[in-house]
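Structure record follows, encoded as structure tokens.
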Amino acid sequence: MLKVENVYKTYNSGIVKRRQLPVLNDISFEIPSGISVGLMGDSGCGKSTLARILIGLLNADSGRVIFDGRDISELSGIEKKKFRRKMQIVFQNPESSLNPRMTILQNMLEPMIIQKLYSTTEQKSIVLEKIKTVGLSDNLLLRYPREISGGEAQRIVLARILTLNPSFIILDEPTSMLDMSVQAQILDLLKRLQAELNLTYLLISHDKRVVEWFTEQTYLLKNGTLHKERSEKHKGLS
Amino acid sequence: MMKLITNNLFQTFFVIIMAVLILITVFAPMIAPYDPTSVDITASLQDSSNEHIFGTDKLGRDIFSRVIYGGRSSIVLAIIATMLSMLIGMTLGIIGGLNGGRIDLLITGIANIFMGLPGVTFMIAIAALMGTGVNSLITALVINSWAGVSRIIRSKVLVLKKENFIESAQALGASQGRIIIKYFLPNLMADTIVLFAGRISTAILSLASLSYLGLGIQPPTPDWGVMISESRSFFRTVPLAIMGPGLCIVILSFGTNSLGDLLRQYFESKQ
Amino acid sequence: MGSDIIIKNLNIKFLRKDGDIHAVKDVSVEFKAGQVTGIVGESGSGKSVLGMSILQLLPENAEVSGKITYSGMNILLKNEKQMREIRGNKIALIPQSPSESLNPSMKIGNQVSEIFRHHKRQSRHEALKSSECILEEFHLLDVPRCMSSYGFQLSGGMKQRVVSSFGIAANPHWVIADEPTKGMDRVLETQITEVLGEISKRTNMLIITHNLMLAQELCDRIIVMHNGCIIEKGDSNIFKNPLHPYTEGLVKSMPENGMVPMPFAQQKQNNNSCGICSWCHDKSDICTMEKPPLFKVAGRLVRCFQYAQSGKRL
């Protein structure tokens, strides 16, 4: 489903004296559809940079990212917007992932509004459906992001991504700021959704045990290069 | 809300007084006992009396009426000038902050140059170039003020740019325009309002200074700065000729400043 | 070694326009000197609020009732001036989010010295020397460079150590560590655990955390909180052999134990039933009708009706 070929990325800093920080060196890997792949590495090593390149928020210096057979850098504006329906990302900090000046309802309607999907009534009923899918009650809808907990916020982020029916979700340290018990709840929810909706995940995490529990394949990003850590047969639901 | 007021009695007091003053200037035609420009040499230089609460000036004009009418131009001009400088400053600040790189460098450089200009001196130069009158006043005020606004807004934009919810919006496919309008602007609202209140305060003082120097509103239109200037020669006889407009300038300037401070505390408590 | 901290019938409510939040519900507990006590629970359980109340560091809308006794005095009755003498000096705090506790415009060396100069009345020169010593104790590499750096120049782990050093600089009797490993990766976590272990040998310590392993490794006594109440209290074996179903749920959530999630919490929880009766497998009728009291059983305190027969009601 996702194929990464020879991606390089270097950060340039300084205006007078240009310094180069090579972050990604010849990164190539493949993620088949329907499974969970893990990406590990020390803080600041480039995992998040790679995630942003995959999702098209950042451009690689060279190399290709091929999603569903298309090189994402070659997509037209309209095609790129459609691509965004299929591939989404969940960030590490749930509290800053939602627009603090919009209610939860408005935050949840954003993806569908931006992508111009469905009528207004359909949008509202999809919101109600998805908020139930993540186990939250609809009386959260009129609150603001600062009024809900981190675990709830992360679930809202997930719920609104689901309104687009994506096929691939990048999870960038989705639970590292949450309690261990909430982490278990959210990872379990993700696993169930994967089975129901045939989702593919890329899980970025620094926690080896979490990655082993959640994923079938793991890569390690070290000094800018990718190493395959392990590969198992497709896991059933635990 | 009540807590905010009780913790800041001094400022709240000034805000209330300022509000009263503004109301008085708005309803000037109904409150002022005399026409502010009507001259009566026979009544000149009288101290406060029952007929003339603040006394009369050299030309026999009622000072109280002139003070009340005097605020109108100051307030209106200050608001217009501040709005314009906020508009320019915010636009450039957002463009610079969002784009980064060379554009940001260019805008910041220009802003730095403007911030380095000596305020009042430069305003005098502009007035000299463009002649006196409303246009040159507003131009002078805007030139003096926009750069500070752009710098503050730009730094806030830089902070917001890194927030996950902006990136999330981009990942969802939102257009740059939508992100600016629905994501940046609402989150800049608090800073904008506080900045606005604070800058009106400065504008009022600058206006008064320029008018005092004869570069702003021209007589016979009543204006506080002009009145202070005119009264220099006779204020020992009629002290209220200077103290009246002087006090009003202080109240308005301090009041808007206090309002800005209260608003800032209010928004901070909402975080 | 300082005295015990004794909490009796502590109730803390946050007053808000759309409904008050009862964060700590009638909690009575003793933190004994010479022991390291851990308060464990999820976010929202009231553990941080409990810890902060000891130092009167709660927000303005907090309504506190009950008694917190230390050195024979009720701390809750002290005014701000008296509290300033206690904070840092007798009872110190190592707060969450180290980056927010450092003054961004002061060099590290100056910030640490400030504590020595204020609480120990040392001269500038002495304070700088003491600061160097304490930073070395916390295993900060290249102490001279650290002393002349600003907060933003240090990594997350270094910042946490610096902030921890603030906590014990004035040699307090008690140190309260609030979520010391929140959001940290494993490498950092191990380092901080080591640091905390060393601190615990020098002062009495109260650790507030959601990290069960941290609590198990460092604490002599552990209290588990849920929804404002203490639901289990015991020694460090509490997670190897949990008695309360919620404690068991927490243990099973851990990645090493299979990451078995507890069901999502219901929104409104009232005071007329057990907080987890909506999903507890061992529940009986009484669990949905009454809030269980604490029962003393096998050296533990457990708030569960299962132990009504075998245990002694408190």
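Quick notes
- Selection of first residues in segment C:109-131 that are under 20 Å from C:Leu154 (Cβ atoms) and of second residues that are hydrophobic (A, V, I, L, M, F, W, C) and assigned to a loop (DSSP other than H, G, I, E, B), restricted to Cβ pairs under 6 Å at least 6 apart or on distinct chains, gives the following pairs, ordered by first then second residue: C:Ile115/C:Ala170.
- Failed item, numbered, when C:Gly167 is tested on (1) over 30 Å from C:Ser3 (Cα atoms); (2) crowded, with 16+ Cβ neighbours inside 10 Å: (1)
- Residue among A:Leu140, A:Leu162 that is within 12 Å of the chain's Cα centre (by Cα), in contact (Cβ under 8 Å) with a residue 12 or more places away in the chain and open to solvent by less than 10 Å² (accessible area, probe 1.4 Å): A:Leu162
- In this structure, C:Ile207 does satisfy being more than 14 Å from chain A (Cβ to nearest Cβ), part of a strand (DSSP E or B), buried (at least 21 other Cβ atoms within 10 Å of the Cβ) and of a type outside the set (D, E, K, R).
- Number of the exception - B:Phe267 against (1) closer than 21 Å to B:Val149 by Cβ; (2) modelled with pLDDT under 85; (3) open to solvent by 50 Å² or more (accessible area, probe 1.4 Å): (3)
- Comparison of A:Glu216, A:Glu147 shows that the only residue that is among the acidic types (Asp, Glu) and either open to solvent by 20 Å² or more (accessible area, probe 1.4 Å) or more than 28 Å from A:Asp26 (Cβ to Cβ) (or both) is A:Glu147.
- Lone qualifier among A:Glu147, A:Glu196, A:Glu229 - being away from every other protein chain (no Cβ under 11 Å), among the charged types (D, E, K, R) and either under 30 Å from C:Lys47 (Cα atoms) or touching a Leu at 6+ places or on another chain (Cβ under 8 Å) (or both): A:Glu229
- Segment C:21-110 holds strands (runs of 3 or more DSSP E) entirely within its bounds, and those carrying 3 or more residues that are closer than 27 Å to C:Arg303 by Cβ and touching a helix residue (DSSP H, G or I) at 6+ places or on another chain (Cβ under 7 Å) map to C:21-31, C:36-41, C:62-70.
- Some residue of segment C:151-169 being outside any helix (DSSP H, G or I) and either in contact with a strand residue (DSSP E or B) (Cβ under 9 Å, 6 or more places away or on another chain) or aromatic (Phe, Trp, Tyr) (or both): no
- The test for being farther than 30 Å from C:Glu85 by Cβ, open to solvent by 20 Å² or more (accessible area, probe 1.4 Å), away from chain A (no Cβ under 14 Å) and in contact (Cβ under 8 Å) with a residue 60 or more places away in the chain holds for C:Leu243.
- Residues in segment A:118-144 that are within 11 Å of another protein chain (Cβ to nearest Cβ) and aliphatic (A, V, I, L, M) were compared, and the one that is farthest from A:Leu158 (Cα to Cα) is A:Leu142.
- Total residues in segment C:89-109, condition open to solvent by 40 Å² or more (accessible area, probe 1.4 Å), of a type outside the set (Lys, Arg) and more than 19 Å from the chain's Cα centre (by Cα): 4
- Segment C:256-274, residues that are in contact with a Leu (Cβ under 9 Å, 6 or more places away or on another chain) and either open to solvent by 10 Å² or more (accessible area, probe 1.4 Å) or at pLDDT 90 or above (or both): C:Pro261, C:Met262, C:Phe264, C:Gln267
- Test result for B:Phe235, within 14 Å of chain A (Cβ to nearest Cβ), over 19 Å from B:Met123 (Cβ atoms) and surrounded by fewer than 19 Cβ atoms within 10 Å (Cβ to Cβ): no
- Pairs where the first residue, in segment B:184-205, is on the phi > 0 side of the Ramachandran plot and the second is at pLDDT 90 or above and surrounded by fewer than 21 Cβ atoms within 10 Å (Cβ to Cβ), C-beta under 9 Å, 6+ apart: none
- Residue in segment B:67-86 that is surrounded by 13 or more Cβ atoms within 10 Å (Cβ to Cβ) and either assigned to a loop (DSSP other than H, G, I, E, B) or touching a Gly at 6+ places or on another chain (Cβ under 7 Å) (or both) present: yes
- Residue match in segment B:85-103 (condition: touching a Lys or Arg at 6+ places or on another chain (Cβ under 8 Å) and within 14 Å of chain A (Cβ to nearest Cβ)): no
- Residue list for segment C:171-204, restricted to those being within 14 Å of chain A (Cβ to nearest Cβ) and of a type in the set (Lys, Arg): C:Lys182, C:Arg186
- Cβ pairs under 6 Å, 6+ apart, first in segment A:82-103 and facing another protein chain (nearest Cβ under 7 Å), second of a type in the set (D, E, K, R) and open to solvent by less than 50 Å² (accessible area, probe 1.4 Å): A:Phe91/A:Asp172
- Looking across segment C:210-239, just one residue is surrounded by fewer than 20 Cβ atoms within 10 Å (Cβ to Cβ), within 14 Å of chain A (Cβ to nearest Cβ) and not hydrophobic (A, V, I, L, M, F, W, C), and that is C:Gln216.
- In summary, A:Lys130 fulfils each of the numbered conditions (1) open to solvent by 50 Å² or more (accessible area, probe 1.4 Å); (2) within 20 Å of the chain's Cα centre (by Cα) with the single exception of condition (1).
- Only one of the numbered conditions (1) open to solvent by 50 Å² or more (accessible area, probe 1.4 Å); (2) in contact with a Pro (Cβ under 9 Å, 6 or more places away or on another chain); (3) within 14 Å of chain A (Cβ to nearest Cβ) is not met by C:Asp282, and that is (3).
- Whenever a residue of segment B:114-143 is over 13 Å from B:Leu207 (Cβ atoms), its partners that are open to solvent by less than 60 Å² (accessible area, probe 1.4 Å) and of a type outside the set (A, V, I, L, M, F, W, C), lying with C-beta atoms within less than 6 angstrom and at least six residues away or across chains, give the pairs B:Ile126/B:Ser136; B:Ile126/B:Thr139; B:Met130/B:Ser136.
- Within segment B:184-227, if we keep just the residues that are under 19 Å from B:Lys58 (Cα atoms) and surrounded by 21 or more Cβ atoms within 10 Å (Cβ to Cβ), the residue that is modelled with the lowest pLDDT turns out to be B:Ile217.
The values are calculated or read from the model by the stated rules, or taken from the named source; none is laboratory data. On a predicted model such as this, the values are computed, not experimentally measured, just so you know. A quick note on method: Cβ atoms are made from the backbone with ideal geometry, for glycine too, and the neighbour counts reach across all protein chains shown. Please note that ligands, DNA and RNA were not included when accessible areas were found on the heavy atoms of the full protein model with its side chains. Shrake-Rupley method; radii C 1.70, N 1.55, O 1.52, S 1.80 Å.
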